[in-house]
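Right, one structure below, let's go through it.
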Amino acid sequence: MSDLTRLRGFVKDFTDLIDEVGMDEPRILDAGERLLSELVGNDDWLPEAFSAPHPDHYEQYLLHCDPKERFSVVSFVWGPGHTTPIHDHTVWGLVGILRGAERNTEFVLGASGEPPRASDEEICSAGDVARVSPTVGDIHRVSNVADHPSVSIHVYGANIGRVSRHVYDERTGEEKSFISGYSSKVLPNIWG
Ligand code: FE
């Protein structure tokens, strides 16, 4: 089944939330986590085109971007063994696991020339929601720990594919700027 009613409802509720609380990040994260947790509580709505793994690297399919770019919703798809570099976001984010299992390792930066230090690690499975943000810890690495594709639905406080942010070298901590873009050129039709 690929019933986009769930995604449409989520987009509407999240828009209502942002309209109501504005930039109040703690309220966005608390209420947004409840909304995302409900969305990823059912794995019956994401169309195949937005959950297809790439053999060589993880994919990031844009599902929705708020017209005022106050938030975006992205489907991340990892094949077995896929991992992100150590990276930051520079804005708040919520990561909800829809399918499979992912290791989320948080890092703190060391002194100049030193590697980032892992400060926390958790295995997230379907239905779990994790938070990132400069205020609660923004640097992490995500890896698929399943022997099949994992899919997570991410919500960020910006049009994340256009945000200039950073990756960190795991040996030296060297910071490099990057803009992720998106893997997809089309959006799911949530209005049909
Ligand atoms: Fe991330």
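Criterion first (over 22 Å from Leu7 (Cβ atoms), in contact (Cβ under 8 Å) with a residue 24 or more places away in the chain, of a type in the set (A, V, I, L, M, F, W, C) and buried (at least 18 other Cβ atoms within 10 Å of the Cβ)) does Ile86 satisfy it? Yes: the conditions hold for Ile86. Within the stretch 170-192, residues that are under 12 Å from Ile86 (Cα atoms) and touching a residue at least 24 places away in the same chain (Cβ under 8 Å) sit with their Cβ atoms under 6 Å from residues that are of a type in the set (Asp, Glu) and exposed (fewer than 14 other Cβ atoms within 10 Å of the Cβ), at 6+ positions apart or across chains, in these pairs: Gly173/Glu114. Is it the case that the stretch 108-115 has a residue that's in a strand (DSSP E or B) and touching a residue at least 40 places away in the same chain (Cβ under 8 Å)? Looking for residues that are in a strand (DSSP E or B) and touching a residue at least 40 places away in the same chain (Cβ under 8 Å), one finds none in the stretch 108-115, hence no. Only one entry of Ser125, Ser133 meets the criterion of being surrounded by fewer than 19 Cβ atoms within 10 Å (Cβ to Cβ) and polar (S, T, N, Q), and that entry is Ser125. Flag set for Arg141, criterion: basic (Lys, Arg), farther than 22 Å from Pro26 by Cα and either touching a residue at least 40 places away in the same chain (Cβ under 8 Å) or within 16 Å of the ligand (Cβ to nearest atom) (or both). Only one entry of Glu33, Glu38, Glu69 meets the criterion of being more than 15 Å from the ligand (Cβ to nearest atom), within 17 Å of Gly137 (Cα to Cα) and either buried (at least 20 other Cβ atoms within 10 Å of the Cβ) or not aliphatic (A, V, I, L, M) (or both), and that entry is Glu33.
When you check Trp78 against the structure, is it among the hydrophobic types (A, V, I, L, M, F, W, C), touching a Lys or Arg at 6+ places or on another chain (Cβ under 8 Å) and either within 16 Å of the ligand (Cβ to nearest atom) or farther than 21 Å from Ala158 by Cβ (or both), yes or no? It is false that Trp78 is among the hydrophobic types (A, V, I, L, M, F, W, C), touching a Lys or Arg at 6+ places or on another chain (Cβ under 8 Å) and either within 16 Å of the ligand (Cβ to nearest atom) or farther than 21 Å from Ala158 by Cβ (or both). Of everything in the stretch 56-66, what is within 28 Å of Glu174 (Cα to Cα), more than 13 Å from the ligand (Cβ to nearest atom) and surrounded by fewer than 21 Cβ atoms within 10 Å (Cβ to Cβ)? Give them in sequence order. If the condition is that a residue be within 28 Å of Glu174 (Cα to Cα), more than 13 Å from the ligand (Cβ to nearest atom) and surrounded by fewer than 21 Cβ atoms within 10 Å (Cβ to Cβ), then Asp56, His57 are the ones that fit. If you go through the stretch 102-135 and keep only what is more than 18 Å from Thr84 (Cα to Cα) and out of contact with any helix residue (DSSP H, G or I) (no Cβ under 9 Å at 6 or more places or on another chain), you end up with Gly110, Ala111, Ser112, Gly113, Glu114, Ala126, Pro134. Applying a threshold of 7 Å to beta carbon distances and a minimum spacing of six or more residues, or different chains, the list of pairs starting in the stretch 67-81 at a residue that is in contact (Cβ under 8 Å) with a residue 12 or more places away in the chain and ending at one that is crowded, with 24+ Cβ neighbours inside 10 Å and polar (S, T, N, Q) reads Phe76/Ser152; Trp78/Asn144; Trp78/Ser150; Gly79/Asn144; Pro80/Asn144; Gly81/Asn144.
Values quoted throughout were computed directly from the atomic coordinates according to the rules given, and no laboratory measurement underlies them. Every value quoted in this text rests on a predicted model; they were computed, and no experiment measured them. Positions of Cβ are generated from backbone atoms using ideal geometry, with glycine treated the same way; all protein chains shown enter the neighbour counts.
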